[in-house]
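Peer 1: Sharing a structure, written as structure tokens. Questions coming.
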Amino acid sequence: MKTCFPPRIQAAALATLALLTPPLFGQADYSTPYTISKYAGLAGIAGTNDGTINYAQLNLPIGEAFDSSGNLYVADSGNHTVRKISSTGISTTFAGAAGNPGTSDGTGRNARFNTPSGLAVDAAGNVYVSDSGNHTIRKISPAGAVTTLAGSAGNSGTADGTGSAARFNNPIGLALTAAGDLFVADFNNHTIRKVTAGGVVTTFAGAAGSAGSADGTGTSATFRNPHSLALDATGNIWVSDSGNHTIRKVTAAGVVTTFAGGAGSSGVTDGNGTAARFNTPQGLAFDASGNLVVADWGNSLLRKISAAGAVTTFAGTAGSGRSADGTGTSALFQSPAGLAFDSGGTLHISDFYNHTIRKTTAAAV
């Protein structure tokens, strides 16, 4: 079983080489099965090619986000680029130069990133990027102009502040509010940070440098390597607390509670709330019915959490570590990382070690 390190460490490593607990639920527990198929990339083949779905290649894709026109942006972490996949399935390199990590602002391929990880897109089409290896938050205009919104390239730390005076330590997940505030899962600082449109950074929840699992308000709560974020319809922030193997909920007032999973107890059990078990959960996304879908990285599964906290297995086979299209448990992943729904309700999955983007479609019952 693979361990989830910060993305830049994962990329470097590859470059050199489970009330009463109910039984596991499978695809048969869903009235509408879903089929997983390839959307972009070539399974098991890392590369840089742009082009159609049968030609394009990715390298350790993580974060995903759709714009209002149906374009899917992908943080292609191993290539140090942000890719754009059109609604017709054509992949292009939107910003960054494949195989060339760096810190430079600039337009399109003149800009440089170092292991980009999380993405968010605003109503105007600006793309926000957690540039994990550079410890910065970047912004890409619709025309591809890249600027640094917050943090100082190459300088990790915990400081709140404005713009380059702020410090992060391997930021990963992003979530953007309608008001334009950006929340950041600051992975190695074990915190959730808030960045305003003007670049003012504050610590919203968690205690910098103090890993733990305590519920509480603001800095009295603790996390252990928070990875991905999602906002619900009422403004709550949901966190995949990957090091604790849990899903946490943070209210708009900063009150942190554990919603599903058992802190420090990894596993694959379906069940209700803290009776369920995950293994290093990562990507999060809400469907139109208010269910939270979880990319269960260490189990190579897709899980679903209802509003009442019931956790079920959505697709995949635990520990498979392979790539196969199919329906329910016949579909196989190799460490799914990022999730995003398009406007039609189709879920897209970054299948990290398979170097692909997968998608769901409803299957005939």
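The values are calculated or read from the model by the stated rules, or taken from the named source; none is laboratory data. Remember, predicted model here, so these are calculated numbers, not experimental data. All Cβ positions, even for glycine, are placed from backbone atoms using ideal geometry, and neighbour counts span all protein chains on display. Heads up: the accessible areas ignore ligands, DNA and RNA and are worked out on the full protein's heavy atoms, side chains in. Shrake-Rupley method; radii C 1.70, N 1.55, O 1.52, S 1.80 Å.
Peer 1: Near Thr203, within a Cβ-to-Cβ distance under 14 Å, what is the net charge of the other residues, with Lys and Arg +1 and Asp and Glu -1?
Peer 2: Around Thr203, the charge tally is 0.
Peer 1: Continuing with the same structure: So with the 1.4 Å probe, I'd like the accessible area per residue for the chain, rounded to whole Å².
Peer 2: 36
Peer 1: With the cut-off at 1.5 for a/c, could you classify the chain from its C-alpha gyration tensor as rounded, prolate or oblate?
Peer 2: Numbers: a/c = 1.58, a/b = 1.11, b/c = 1.43.
Verdict is oblate for the chain.
Peer 1: Moving on. What three numbers, in Å, describe the spread of the alpha carbons of segment 102-170 along their principal axes, ordered from the longest?
Peer 2: So the three principal-axis extents are 31, 25, 18 Å.
Peer 1: In addition: Under the definition of Cα pairs under 8 Å and six or more residues apart, what whole-number percent is the relative contact order of segment 221-353?
Peer 2: Contact order relative to length: 16 percent.
Peer 1: If you bin the C-alpha pair distances of segment 138-218 every 10 Å from 0, what whole percents do you get?
Peer 2: 19, 52, 25, 4, 0
Peer 1: Per-residue ellipticity at 222 nm for the chain, helices alone: DSSP H runs ≥ 4 residues times -39500 (n - 2.57), over residue total, nearest 500 deg cm²/dmol? Mind showing how you got there, number by number?
Peer 2: On the way: 1 runs with 9 residues, N = 365.
Using -39500 (n - 2.57) per qualifying helix, the result is -500 deg cm²/dmol.
Peer 1: Applying a 10 Å radius around every beta-carbon, put 95-102, 292-299 in order of their mean neighbour count, most first.
Peer 2: Ranked from most to least packed, the peptides come out as 292-299, 95-102.
Peer 1: Let me ask another. Give the total of Lys-Lys pairs in the chain with Cα-Cα distances below 24 Å; include a pair only if its members are 8 or more places apart or on different chains.
Peer 2: 12
Peer 1: Work out, in µm²/s and without decimals, the Stokes-Einstein translational diffusion coefficient of segment 59-145 at 4 °C, 1.567 mPa s, Rh from Kirkwood over C-alpha pairs.
Peer 2: Translational diffusion coefficient: 106 µm²/s.
Peer 1: Provide Rg over Rh for segment 105-264; use the alpha carbon set for both Rg and the Kirkwood Rh (inverse mean inverse pair distance).
Peer 2: Values: Rg = 14.7 Å, Rh = 15.3 Å.
Ratio of gyration radius to Kirkwood radius for segment 105-264: 0.96.
Peer 1: What part of the accessible area of the chain, given as a whole %, is carbon or sulfur when the probe is 1.4 angstrom? Mind dumping the intermediate values first?
Peer 2: Numbers: 6600 of 12960 Å².
In the chain, the share of accessible area belonging to carbon and sulfur is 51 percent.
Peer 1: Right, something else. Return the distance in nm (one decimal) between the two label points of a simple spin-label model at Ala233 and Tyr55, each offset 7 Å from Cα along Cα→Cβ.
Peer 2: Placing both labels 7 Å along Cα→Cβ, they lie 4.3 nm apart.
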